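Below you'll find the structure, written out as structure tokens, and then a few comments.
The values are calculated or read from the model by the stated rules, or taken from the named source; none is laboratory data. Note that this is a predicted model, so its numbers are computed, not measured. Here Cβ is always computed from backbone atoms with ideal geometry, including for glycine, and neighbour counts include all displayed protein chains. In case anyone asks, the SASA skips ligands and DNA or RNA and just uses the protein heavy atoms, side chains included. Shrake-Rupley method; radii C 1.70, N 1.55, O 1.52, S 1.80 Å.
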Amino acid sequence: MLPQRMKKAIADNPKKVANLIDLVNLPSTVREFVGQSQISRLGCFMRVWSYIKSNNLQDPNNKNVVNCDEKLKRILLGKPQVELTELPALIKLHFPKEPK
Amino acid sequence: MGKFPPSFRSAISTSMAINPSSLATLNSPSIPPKPLHFPKKPAKVSRKTQNPNSPESLSVPPQLRSLFKSPHLSDAKKLFNSVVSASKLQLDIRLHNSLLQSYAAIATVQDSISLLNHMIKASPSFSPDRSTYHVLLSQSCKAPDTLLSHVHQVLNLMVNKGVTPNQATVDVAIRSLCSSGREDDVIELIRELSSKHSPPDGYTYNFVVKHLCKTRALATVYNFIYEMRDSLGMKPDLVTYTILIDNVCNTKNLREALRLVGILSEEGFKPDCFVYNTIMKGYCMLSRGSEVVGVYKRMKDEGVEPDLVTYNTLIFGLSKSGRVKDARKYLDIMEEAGHFPDAVTYTSLMNGMCREGDTIGALRLLEEMEAKGCSPNSCTYNTLLHGLCKSRLLEKGIELYQMMKSSDMKLETAAYATFVRSLCREGRVAEAYEVFDYAVESKSLTDVAAYTTLESTLKWSRKAREQGLAV
């Protein structure tokens, strides 16, 4: 479990926050999905999550699992099923760390 | 109408209660209701810094508020003429002032002065009084202007018309300058006005000290105090010391606070309930329970009657430093002394109980509290949610969360984080996402904070699962 202090440090760290909200030029696969050429990591996550909700892609038997449709599959490593737990990590793959 | 200085706000709300039609028939400016300053601050300071001769109340009848739509002078003059010709009654001075004020809210200082001149010409029965000039003064203090030229212009106008600035004038100017964040100008204007016209009174002085405490370094505040003492012989009073002690306590500078308490008694002041409450709060911040009780005992010894705030602080401090049993005892003492514990009292106590792991006890206290007719607030529920999740009573926590959600209560950072973590630990990730959605939707947290928590929690739970720790 993350200690309270550490979590606060993440939220307060301007670099980490910038990493979340800075607009990033997108690779073509993601660009097709979100329909714009730039988006922040946070924005992308929100977009994917609301896409999942509005298209009822959560597995009715286990809400923690998402059954990907063709469109979603393309940006989530082609997996037919992803767990909600790994969603942020999968999206993060499209936002590589900036070289210093 | 745009912004009002805080000191005017209560005056406006009282004037709203007056029937607008009866307002025009009032023949002379009536004695203004005392405006209450610092409306948001706890009663302790506002009670003492209430200013008896602060700005004359300027009532703006609601229908005049949106009268002036254009900042152009010619439009304003036309409008004024039409108001004068449309009303059959003799317009009184308050109406003139209101008109001027509503125009001043959208126009430049120059144009407002011109409108005033036009008013004097157009209606011979109107002779501007002090409050008329105060309208202009307050406007000029808020005008974006790095030098004090507009302020000087209005002051000169006042003096030329035979109205010498008095303490109320100083108060209006200083408060307006403070509200637009021009602290350096405040000090300069005080110097100037004290040498030429009138020194500030104790209320204005304390207002400035309080404002400087909030916006500037402590050294600036002390410099101001020393300067006032040396040049005007104005000494800090008990309220000033309370403000200072409160300020240093908030920055956890307890040593300085104790020094100030020492000076306080050297100067021959007897600390009152507010001073004690402030000191107690300082100890609470550092979680020093025994000192908190010490302050309470000293109050008792000195014969100062503790009030609701004292008990709330005491219970909060004891709960915070892990002495819940004692805190509980003081809840009873408090009730015996005739105070009604409020949501703050109960929430502090529940917080302490939850920290000790006695969440069931905290829930029982919630029932007790509701039985006594005290309704819990969102802070109470957040405390309980946090506690329930910590002590692994997730089902009860979810129940509580549903209730909070149905009454649109906001989640606090700690409660949100703990709740999301508990849900993830139980493998209820979808529900955690739902809580995330609610936190974002209800604007409880910023999107970034809500997401960061969710992301790091998910990362942690995946790792834990890989190691076979969680479900």
### Message
Probe of 1.4 angstrom, ligands and nucleic acids ignored: what's the accessible area per residue over segment B:188-340, in square angstrom?
### Response
46
### Task
Using only protein heavy atoms and a 1.4 angstrom probe, determine the accessible area buried between B and A, summed over both sides, in Å² to the nearest 100.
2300
### Summary
Heavy-atom accessible area of B:Arg421, protein chains in place, probe 1.4 angstrom, given in Å² to nearest 10, is 10
### Relative contact order %, chain A, counting alpha carbon pairs below 8 Å whose residues are six or more apart
21
#### Entry: Evaluated at q = 0.08, 0.14, 0.17, 0.19 Å⁻¹: base-10 log I(q)/I(0), Debye formula over Cα of segment B:140-297
-0.29, -0.74, -0.97, -1.13
### Relative contact order (%) - criterion: Cα under 8 Å, at least six apart; region: segment B:296-454
15
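Quick one, what does Rg over Rh come out to for segment B:287-404 if you take C-alpha atoms and the Kirkwood Rh?
In segment B:287-404, Rg relative to Rh is 1.01.
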#### Entry: In Hz, Karplus ³J(HN,Hα) per residue of segment B:153-165 (6.51, -1.76, 1.60; θ = phi - 60°; x = Gly, Pro)
4, 5, 4, 4, 4, 4, 5, 4, 7, x, 10, 7, x
### Query
So what is the accessible area of segment A:36-100 per residue, in Å², with the probe set to 1.4 Å?
56
### Message
List, by residue number, every residue in segment A:30-51 with a reduction of 10 Å² or greater in accessible area between the chain on its own and the complete protein assembly, 1.4 Å probe.
### Response
A:Arg41, A:Leu42, A:Phe45, A:Met46, A:Trp49
### Query
So what J values fall out for segment B:182-188 if you push phi through Karplus, 6.51 cos²θ - 1.76 cosθ + 1.60 with θ = phi - 60°, rounded to Hz, Gly and Pro as x?
10, 5, 5, 5, 4, 5, 5
### Task
Let me have the 222 nm mean residue ellipticity of chain A computed from DSSP H runs of 4+ only, each contributing -39500 (n - 2.57), with the sum over all residues rounded to the nearest 500.
-13500 deg cm²/dmol
### Summary
Sorted by chain and then number, the residues having a modelled amide H within less than 5 Å of the amide H of A:Val24, at least 5 places away or on another chain, are A:Ile39, A:Ser40
### Query
By how many nm would the segment from B:Ser74 to B:Glu426 lengthen if fully extended, with 0.36 nm per residue of separation less the alpha-carbon distance?
119.6 nm
## Note on the structure
So, with points 7 Å from each Cα along the Cβ direction, the B:Arg216-B:Glu368 label distance in nm works out to 4.9
### Query
Which residues in segment A:61-100 place their backbone N less than 15 Å from a point set 7 Å from the Cα of B:Lys459 along the Cα-to-Cβ direction?
A:85-98
### Message
List the pairs from A:Lys73/B:Lys390; B:Lys142/B:Lys210; B:Lys142/B:Lys196; B:Lys78/B:Lys161; B:Lys77/B:Lys142; A:Lys71/B:Lys405 whose alpha-carbon separation is above 27 Å, in the order I gave them.
### Response
A:Lys73/B:Lys390; A:Lys71/B:Lys405
### Message
Which residues does the label zone of B:Glu335 cover in segment B:274-312, counting backbone N under 18 Å from a point 7 Å along Cα→Cβ?
### Response
B:308-309, B:311-312
